Amino acid sequence: MKRVDSVWRMIAVLGLTALMSGVLLGFFHDLTATPIAQASARRLSESLREMMPAFSNDPLADAARMCVDGDSVTIYPCRNGGKLVGAAVESVSHNGFGGDIRMLVCFAPDGAVGGFRVLGHSETPGLGAKMEEWFNGEPRRSAIVGYAGGGQLKVGADGGTVDAITGATITSRAFVEAVNRACDIFNRYRNEQVEDRS
């Protein structure tokens, strides 16, 4: 009899512990959700101010969403005096070596890539993780800033012109895929804006 009581007592203690843990996790999640969202919005706003020409609107408030291949993609238009001076597209590739690569790609009004920032990835440290410095910086075949080809970038291994990161071709392909998606989305957005004005 004592053994049965002991088992039920352990089940009750474990159940109560699990319930308390769940309640505490829920409480702290709710407590930290707003500050985390505010910090994320602040970082995004700072990135836009660094990479885009001067703008007078609030791109986060004017953001537009588009659905592309089942993903909801956000576009942040930057305007000065009502005129579009550029836009940033939050793009993603699901084909990275370690999973998703999320990035913010900024465009000039003519569609040229003005800059980018990697927002999140799980790539290999020392290899794929150096994608931001590899694809940015001094002019070379791997630099994508200034590219205005409309979503046709490819790495050299696939017959393209972009040098892949040595030892990280999968990451490089995913990075280029995210940039191509952003180019296509920006061009779609820009064309819709032109149609709306006519």
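I'd like to compare 164-176, 43-55: which one has the highest average count of other Cβ atoms within 10 Å, and what's the full order after that? Walk me through the intermediate numbers first.
Details: 164-176: 21.8, 43-55: 15.4.
Answer by packing, highest mean first, reads 164-176, 43-55.
Compute the FRET efficiency between A157 and R102 as 1/(1 + (r/R0)^6), taking r as their Cβ-Cβ distance and R0 = 22 Å, and round to the nearest 0.05.
Working: r = 23 Å, r/R0 = 1.05.
Rounded to the nearest 0.05, the efficiency is 0.40.
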| field | Protein accessible area in the chain, 1.4 Å probe - carbon and sulfur % | value | 57 percent
| Cα-based convex hull volume of the chain per residue, rounded to whole Å³ | 178 Å³
| said: To the nearest 20 Debye, how big is the dipole of the stretch 7-163 about its Cα centre, given +1 on the beta carbon of each Lys and Arg and -1 on that of each Asp and Glu? | reply: 220 debye
| Over the chain, what relative contact order in percent results from Cα pairs under 8 Å that are six or more residues apart? | 14 percent
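What does the highest-first list of 114-126, 180-192 look like by mean Cβ count within 10 Å? It would help to have the intermediate numbers written out before the result.
Details: 114-126: 17.0, 180-192: 19.1.
Taking the mean over residues of other Cβ atoms within 10 Å, the ranking is 180-192, 114-126.
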| query | Applying the Karplus parametrisation 6.51 cos²θ - 1.76 cosθ + 1.60 with θ = phi - 60° to the phi angles of the stretch 39-53, what ³J(HN,Hα) value in whole Hz is obtained for each residue in order, glycine and proline being reported as x? | reply | 5, 5, 5, 5, 5, 5, 4, 5, 4, 5, 5, 6, 9, 9, x
| said: Quick check on packing: order 25-32, 67-74 by the mean number of other C-beta atoms within 10 Å, highest mean leading. | reply: 67-74, 25-32
| HN-Hα J couplings of the stretch 79-96 from phi, Karplus 6.51/-1.76/1.60, θ = phi - 60°, integer Hz, Gly and Pro as x? | 10, 10, x, x, 9, 5, 9, x, 7, 10, 10, 8, 10, 8, 10, 8, 10, x
| At a Förster distance of 25 Å, what's the computed FRET efficiency of T166 paired with V145, Cβ-Cβ distance as r, to 0.05? | 0.80
| query | Within a Cβ distance under 12 Å of P53, other residues only, what is the Lys/Arg minus Asp/Glu net charge? | reply | +2
| task | Please get the size of the charge dipole for the stretch 38-104, origin at its Cα centre, with Cβ charges of +1 on Lys and Arg and -1 on Asp and Glu, quoted in debye to the nearest 20. | result | 220 debye
| Positive-end extreme of charge dipole, the stretch 50-123 - chosen from L60, G120, V105 (charges on Cβ) | L60
| said: Give me the 1.4 Å probe accessible area per residue for the stretch 14-126, excluding ligands and nucleic acids, in Å². | reply: 56 Å²
| query | Could you give me the ³J(HN,Hα) list for the stretch 109-123, computed from phi with Karplus coefficients 6.51, -1.76, 1.60 and θ = phi - 60°, whole Hz, x at Gly and Pro? | reply | x, 7, x, 6, 5, x, x, 7, 9, 7, 8, x, 6, 10, 7
| task | Using amide H atoms built 1.01 Å from N in the peptide plane, name the residues 5+ places from G86, or on other chains, whose amide H lies under 5 Å from its own. | result | C78
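222 nm [θ] for the chain, helices only, -39500 (n - 2.57) per DSSP H run of 4+, per residue, to 500? Walk me through the intermediate numbers first.
Working: 3 runs with 83 residues, N = 198.
Calculated from helices alone, the mean residue ellipticity at 222 nm is -15000 deg cm²/dmol.
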| How much length is gained if the chain between W8 and T34 is pulled fully straight, taking 0.36 nm per residue apart and subtracting their Cα-Cα distance, in nm to one decimal? | 5.3 nm
| note | Sorted by chain and then number, the residues having a modelled amide H within less than 5 Å of the amide H of V145, at least 5 places away or on another chain, are none
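The values are calculated or read from the model by the stated rules, or taken from the named source; none is laboratory data. Everything numeric in this text was worked out from a predicted model, so none of it was measured. Ideal geometry is used to build each Cβ from the backbone, glycine not excepted, and the neighbour counts take in all protein chains shown. Surface accessibility is based on the protein's heavy atoms, side chains included, excluding ligands, DNA and RNA. Shrake-Rupley method; radii C 1.70, N 1.55, O 1.52, S 1.80 Å.
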